[in-house]
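The values are calculated or read from the model by the stated rules, or taken from the named source; none is laboratory data. Everything quoted here is computed from the prediction, not taken from an experiment. With ideal geometry, Cβ positions are generated from the backbone for all residues, glycine too; neighbour counts draw on all protein chains shown.
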Amino acid sequence: MPINKNAVQVGVLVGVGNLLIYQHFMPPVTDVKAGEQFNMLAEGSERTALLVSVGFSAVAAGFVRSWDTFLVAGIVIVAVDFAYKHAIACHPATGSMQSPAQEAANIHPLPDYADVAQ
C-alpha cells in the first residue's frame with residue numbers, strides 16, 4: 001500500500017496539535033524536572049495529556065481515513081510523553097533518576113592498598 005502524502009502532511013499538523021495539547025496540560029519539561037520526584041499531580045496531568053492527544057490523533061486519522069496520519073502523530077506522542085515521564089522521574093538534586101542516598105550507596109570505594117602485603 002503506497003504512503004499517502006496528504007495523510008502524512010495532516011499527520012504532521014496533528015503532531016503539532018499534540019504538542020499544543022501537552023503545552024496546555026503540562027508545564028515545560030525543565031519545570032517538571034526541577035520539581036518533586038514522582039509528583040502525583042504532574043503524573044496525572046501527563047496521563048490526561050496523553051489520553052487527550054491520542055483521542056485527538058484518532059479522530060483526525062478517522063476524518064482523513066488513513067493510518068499514516070495516526071502513525072506520524074503517534075511518533076510525536078511517544079517522543080513528548082517519554083520526555084515528560086523521564087522528567088517526572090528525575091530527582092532535582094541529582095539530575096538523575098536516583099535520589100542522593102541511592103547515588104551515594106552506588107559508589108564502591110577502592111580497597112586500601114596500604115594494607116596489602118608486598
Discussion item. Yes or no: the stretch 26-45 includes at least one residue that is of a type in the set (A, V, I, L, M), farther than 21 Å from ALA89 by Cα and modelled with pLDDT of 95 or more.
Written reply: no
Worksheet item: What is the residue count in the stretch 70-105 for residues that are modelled with pLDDT of 95 or more, more than 16 Å from PHE25 (Cβ to Cβ) and in contact with a Phe, Trp or Tyr (Cβ under 9 Å, 6 or more places away or on another chain)?
Response: 1
Response to the item:
Reported set for the stretch 21-44 where residues are of a type in the set (A, V, I, L, M, F, W, C) and either touching a helix residue (DSSP H, G or I) at 6+ places or on another chain (Cβ under 7 Å) or surrounded by 12 or more Cβ atoms within 10 Å (Cβ to Cβ) (or both) is ILE21, PHE25, MET26, VAL29, VAL32, ALA34, PHE38, ALA42
Item to complete: Return only the number of the condition from (1) in a helix (DSSP H, G or I); (2) over 15 Å from the mean Cα position of the chain (by Cα) that GLU36 does not satisfy.
Response: (1)
Worksheet item: So is ALA87 under 25 Å from VAL32 (Cα atoms), aliphatic (A, V, I, L, M) and surrounded by 17 or more Cβ atoms within 10 Å (Cβ to Cβ) or not?
Response: yes
Practice prompt. Please work out if ASP81 is among the acidic types (Asp, Glu) and touching a residue at least 12 places away in the same chain (Cβ under 8 Å).
Written response: yes
Worksheet entry | Hits in the stretch 51-84 - residues which are charged (D, E, K, R) and surrounded by fewer than 16 Cβ atoms within 10 Å (Cβ to Cβ) | ARG65
Discussion item. Please go through the stretch 64-103 and give me each residue that is small (Gly, Ala, Ser) and either touching a Pro at 6+ places or on another chain (Cβ under 8 Å) or assigned to a loop (DSSP other than H, G, I, E, B) (or both), ordered by number.
Written reply: SER66, ALA93, GLY95, SER96, SER99
